[in-house]
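Accompanying notes for the structure given below.
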Amino acid sequence: MKTIPFFFASAALTLAAASPTTAQEPGAMPDFEGATWFNTPALSMADMEGRAVMVEVFRTW
Amino acid sequence: MGQIPHLNSEWEKGNAKGLVVISVTDEPVELVEPWIAANNVTHPVVILSDKKLEDVIGVAGFPTSAVFLDKALQWKGHPSEAGGALGSARKAGRSDSMYPKKLGKVIKAWNGGERTKALSELYKSMPKLEGSDLDWAGRWDGFMKNESAKAFQRSSEMIEAGFWFRGLQLAQPYLGKDSEYPRVDETRSHLAMMQEEPGYAKEIKGGELYVEAQLLERQREYLEAFKVYKKIMKKSADTAIAGHAEAAAKSLIDGYKPGFKETCPKCDRRSHAACEKHRENVKL
């Protein structure tokens with residue numbers, strides 16, 4: 001398994017030092033608030049816990 | 001677009017073993033919904049209007065794939081190269097389905113297009129469920145009812161616009177025997193009224209052919225699609241669908257599409273206009 005690139009790790013340290021209330025770590029999947037879902041009931045971050053998730057970012061064109 | 005069968009297959013084989021597959025876009029519902037239907041997309045698709053997820057992944061082009069494990073990015077790249085990272089994440093990740101096992105019949109019926117059966121299976125299983133299983137059942141209940149409401153609304157709009165067959169196709173999966181979806185009686189009575197209309201049989205037959213022609217267009221078989229549109233104009237003359245077929249055939253002519261060959265370097269790959277050599281001189 002590949003590890004999270006160094007950029008993300010160092011950015012995380014910088015952010016942690018600058019802001020102790022950082023809501024989201026770099027490289028962490030953001031929440032799906034306000035999303036519109038198809039083919040499934042709306043999924044939440046809790047549904048992703050411990051799971052392998054394959055994401056494909058696409059455009060219809 | 002070539003990735004869809006692969007993603008569908010990963011989802012269908014993998015979701016029972018813990019894998020989640022999601023296609024993500026920021027485009028409007030009006031574009032995404034028909035795209036899902038036209039491409040038979042069965043795995044979860046989400047519209048995220050903010051670009052937070054794309055920023056986390058670092059998307060530079062489309063399509064881009066990413067593999068997450070326990071919500072942390074493990075890999076990103078071209079979809080064709082995701083295999084190794086995905087295999088590792090799956091080995092390390094949970095192996096139980098995200099959906100409860102007890103809703104297996106519901107989900108199987110839904111994914112198999114048996115919409116009426118899916119809801120009745122859900123209601124059969126609900127009294128035996130508790131905790132997070134019951135919570136999931138509630139989520140599926142809301143989702144299925146919302147889908148049926150959308151289908152009935154769209155069906156009504158399609159019929160109003162003169163696409164009777166398409167309207168029928170959209171509503172029918174929710175109208176099986178003993179259907180428990182809301183607005184079933186109302187929808188059935190609208191469809192029954194439509195069947196009383198003169199020219200109903202011609203509209204439906206023409207509509208079936210129209211769907212076939214649209215499929216041919218998607219396969220870039222423009223000449224064959226044109227021939228089907230002409231057939232509709234002849235066989236379903238004086239119907240709403242014949243009017244739509246005429247407009248579609250005219251649009252093909254105006255775009256010089258009949259005769260387009262993907263392998264020809266002179267045919268326009270962007271607009272799909274055929275080059276002079278391949279252009280078919282078709283007329284309405």
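Observations on the model:
- Percent carbon-and-sulfur accessible area, segment B:1-154, ignoring ligands, DNA and RNA, probe 1.4 Å: 52 percent
- In terms of overall dimensions, the C-alpha atoms belonging to the protein assembly as shown reach 71, 59, 33 Å along their principal axes, ordered largest to smallest.
- Taking label positions 7 Å along the Cα-Cβ direction at both B:A237 and B:L284, the computed distance is 1.6 nm, reported to one decimal.
- Cut-off 12 Å between beta-carbons: net charge of the residues surrounding B:L53, Lys and Arg +1, Asp and Glu -1: -3
- For B:A240, the shell of other residues with beta-carbons less than 12 Å away shows a net charge of -3, using +1 for Lys and Arg and -1 for Asp and Glu.
- Take the accessible area of B alone and of A alone, subtract that of the pair with a 1.4 Å probe, and the total buried over both chains is about 5000 Å².
- Magnitude of the charge dipole, segment B:114-197, Cβ model with Lys/Arg +1 and Asp/Glu -1, debye to 20: 140 debye
- Spin-label model distance (nm) - B:E12 vs B:E246, 7 Å beyond Cα toward Cβ: 4.1 nm
- Each part reduced to its alpha carbon centroid, segment B:219-284 and segment B:1-49 end up 30 Å apart.
- Charge-dipole axis of the protein assembly as shown as Lys and Arg at +1 and Asp and Glu at -1 on Cβ define it, positive-most pick from B:S179, B:Y222, A:M54: B:Y222
- Antiparallel DSSP beta bridges within segment B:13-119, percent to nearest 5: 60 percent
- Between segment B:177-208 and segment A:27-49, the alpha-carbon center distance in angstrom: 36 Å
- Using 0.36 nm per residue and subtracting the Cα-Cα separation, the extra length available between B:S271 and B:Y200 on full extension is 22.0 nm.
- Karplus-derived 3J(HN,Hα) values for segment B:202-217, using 6.51 cos²θ - 1.76 cosθ + 1.60 with θ = phi - 60°, are 5, 5, 5, 4, x, x, 4, 5, 5, 4, 4, 5, 5, 5, 4, 4 Hz; glycine and proline are entered as x.
- Once backbone amide H atoms are built at 1.01 Å from N, B:G259 has B:Y222, B:L223, B:E280 as its partners under 5 Å, excluding neighbours fewer than 5 places away on the same chain.
- Each label was represented as a point 7 Å from its Cα along the Cα-to-Cβ direction; for B:E180 and B:D96 these points are 2.5 nm apart.
- Summarising the strand pairing of the protein assembly as shown, around 65 percent of its internal DSSP beta bridges are antiparallel.
- Rounded to 5, percent antiparallel among DSSP beta bridges of chain B: 60 percent
- Ordering of B:238-249, A:28-39 by packing [mean C-beta count within 10 Å, highest first]: B:238-249, A:28-39
- Applied to segment B:177-187, the Karplus parametrisation 6.51 cos²θ - 1.76 cosθ + 1.60 on θ = phi - 60° returns per-residue 3J(HN,Hα) values of 4, 6, 4, 9, 6, x, 6, 5, 4, 4, 5 Hz, with x for Gly and Pro.
- Kirkwood hydrodynamic radius of chain B, from inverse mean 1/r over distinct Cα pairs, in Å: 22.0 Å
- Peptide B:85-92, shielding by other chains (average Cβ, 10 Å cutoff): 3
- Under 5 Å, built H, 5+ apart or other chain: amide partners of B:R94: A:R51, A:A52
- What the phi angles of segment B:76-82 give under the Karplus curve with 6.51, -1.76 and 1.60, with θ = phi - 60°, is a coupling list of 9, x, 6, x, 5, 10, 7 Hz, glycine and proline written as x.
- Per-residue mean of C-beta atoms belonging to partner chains within 10 Å, peptide B:24-30: 3
- Other protein chain C-beta atoms within 10 Å of residue C-beta, averaged over B:44-52: 6.
The values are calculated or read from the model by the stated rules, or taken from the named source; none is laboratory data. Quick caveat, the model's predicted, so the values are computed rather than measured. In this analysis, Cβ positions are derived from the backbone assuming ideal geometry, glycine residues included, and neighbour counts consider all displayed protein chains. Side chains included, ligands, DNA and RNA excluded: accessible areas come from the protein's heavy atoms. Shrake-Rupley method; radii C 1.70, N 1.55, O 1.52, S 1.80 Å.
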